[in-house]
1. What's the number of the condition M35 fails, among (1) more than 16 Å from the ligand (Cβ to nearest atom); (2) on the phi > 0 side of the Ramachandran plot?
2. Could you grab me the full set of residues in region 126-137 that are farther than 19 Å from L109 by Cβ and touching a residue at least 40 places away in the same chain (Cβ under 8 Å)?
3. Quick one: in region 298-348, of everything that is part of a loop (DSSP other than H, G, I, E, B), among the hydrophobic types (A, V, I, L, M, F, W, C) and within 17 Å of G44 (Cβ to Cβ), which residue is nearest to the ligand (Cβ to nearest atom)?
4. Which count do you get for residues in region 338-380 that are among the hydrophobic types (A, V, I, L, M, F, W, C), over 22 Å from H189 (Cβ atoms) and open to solvent by 50 Å² or more (accessible area, probe 1.4 Å)?
5. Looking only at residues that are surrounded by 22 or more Cβ atoms within 10 Å (Cβ to Cβ) and not hydrophobic (A, V, I, L, M, F, W, C) in region 217-234, which one is nearest to the ligand (Cβ to nearest atom)?
6. Out of the residues in region 248-297 that are of a type in the set (V, I, T) and not in a helix (DSSP H, G or I), which is farthest from T203 (Cα to Cα)?
7. Considering only region 276-290, how many residues are surrounded by fewer than 23 Cβ atoms within 10 Å (Cβ to Cβ), within 24 Å of Y23 (Cα to Cα) and either within 10 Å of the chain's Cα centre (by Cα) or charged (D, E, K, R) (or both)?
8. I'm trying to understand the selection: among the residues of region 128-138, which are open to solvent by 90 Å² or more (accessible area, probe 1.4 Å) and either of a type in the set (V, I, T) or over 17 Å from L214 (Cα atoms) (or both)?
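The values are calculated or read from the model by the stated rules, or taken from the named source; none is laboratory data. These numbers come from a predicted model, not from an experiment. Every residue, glycine among them, receives a Cβ derived from its backbone with ideal geometry; neighbour counts consider all protein chains shown. Protein only, heavy atoms only, side chains kept; ligands, DNA and RNA dropped before computing areas. Shrake-Rupley method; radii C 1.70, N 1.55, O 1.52, S 1.80 Å.
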Amino acid sequence: MIVKPMIRNNICINCHPEGCMAYARGWIAQAKGLMPESGRAPGGAELPKLALVVGCSSGYGLASRIAAAFGCRAATVGVSFEKTPEKKAGTLGYYNNLAFETEAEKSGLVALTVNADAFSDEAKAKTAEAIREAARRAGIPAKVDLFVYSLASPVRVDPKTGVMHKSAIKPIGGAFSGRTLAMDGSFGHAEAQPASEDEIAATIKVMGGEDWELWHEALDREGLLAPDARALAYTYIGPEHSWPIYKNGTIGRAKEDLERACRAINAKSAASGNSARAWVSVQKALVTRASAVIPVIPLYVSCLFKAMKEKGLHEGCMEQIARLFRERLYAEGSADPASVPVDEAGRIRLDDWEMREDVQALTREKMEAACEGNVFEVTDVEGFRRDFMQAHGFEVEGVDYENAD
Ligand code: NAD
């Protein structure tokens with residue numbers, strides 16, 4: 001069957017199965033070139049042996065699982081919530097997971113994936129079983145030494161109350177309006193009214209740190225966390241002009257709560273006398289399913305990519321996570337978790353190149369200059385579009401779209 005992309009408002013509602021698998025395999029090949037495949041980073045912390053990645057099937061979570069498995073040779077347990085192909089094709093994460101598992105098996109790596117709603121108690125219980133099983137197969141203790149929490153979801157059912165909370169991407173205090181760029185290079189205008197208190201609270205419920213803490217509690221209760229486990233959750237800050245809709249908006253409030261959760265997790269671990277440590281890591285803006293729907297992001301990212309490519313600083317998901325592992329989490333001198341390089345707020349920074357003054361100045365210049373007549377020269381909207389298509393399995397090199405199913 002020939003599959004064509006179905007896109008509405010920067011959301012692609014289908015995917016190409018073979019294309020998704022080829023794209024994921026491309027990341028695996030990339031990771032092998034970017035990461036050390038040794039038992040120990042030189043002078044750094046011991047590399048993970050058993051990694052848990054919640055939100056493992058795309059974007060930063062998939063890259064993290066690939067880095068742990070193919071870069072560090074860890075057994076991995078992944079959690080994501082996918083539609084499996086029955087009457088209709090599955091979700092893109094289903095095919096990414098399938099490609100990952102197939103390649104892991106070929107490389108002699110243990111990989112188990114739990115398909116469940118990560119916010120539920122049931123997912124946490126199933127994952128505990130999967131961790132024990134993965135450890136048994138790998139012949140190692142059932143102790144997770146790397147825990148990556150990389151969920152991006154619009155909704156969450158609170159397991160205690162059964163209430164479904166829906167996040168809203170809105171400004172706080174005043175309305176937001178700004179230019180937007182569609183993937184075909186046409187400009188538009190987006191307006192967002194300020195969020196209500198209920199919308200702010202709901203976004204914190206969905207994208208804040210509560211569920212990350214619940215995962216830690218569940219793993220701890222089951223005795224599945226290594227005493228020196230390293231845990232990560234991802235955030236974004238971005239340039240000041242995006243703050244009304246991002247950092248100072250509902251999503252920013254949720255990310256503040258993620259940092260609160262990080263401090264709470266670290267306080268608990270310190271009180272219990274072990275050296276486990278959690279970090280929030282600030283990543284670069286990239287094209288993923290989650291980011292393409294945030295107003296301003298497509299225009300900003302198209303200009304940012306152009307600026308970073310011109311300066312030879314561009315990175316994709318896999319390069320970002322490989323650098324996170326190599327130069328931060330398991331860097332030389334990081335055997336003591338207190339030596340992992342962080343900013344004044346204790347966050348790991350992988351947005352350092354994005355936020356460089358010269359990169360931001362060039363990006364701003366491009367954002368101001370871009371118009372319909374020059375958009376393909378001044379911005380990298382084409383790169384944005386291609387990344388977006390490839391994340392859904394379309395336009396991936398080597399895939400025969402006329403015949404493949
Ligand atoms: P993504 O949409 O590519 O990945 C999200 C993952 O969560 C997928 O594996 C998805 O299947 C999974 N998921 C969603 N709901 C789930 C549920 N209920 N149960 C189980 N799995 C579920 O998103 P991403 O952009 O990689 O975002 C991951 C994290 O990185 C987020 O915290 C995001 O804020 C952060 N981040 C993203 C960017 C960016 O530009 N994309 C930048 C910095 C930080």
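1. (2)
2. Within region 126-137, the subset farther than 19 Å from L109 by Cβ is 126, 128-129.
Result: A128, single match.
3. V342
4. Qualifying residue count, region 338-380: 5.
5. Taking the candidates together, the pick is Y234.
6. V287
7. Number of matching residues: 3.
8. Hits for region 128-138 are R136, R137.
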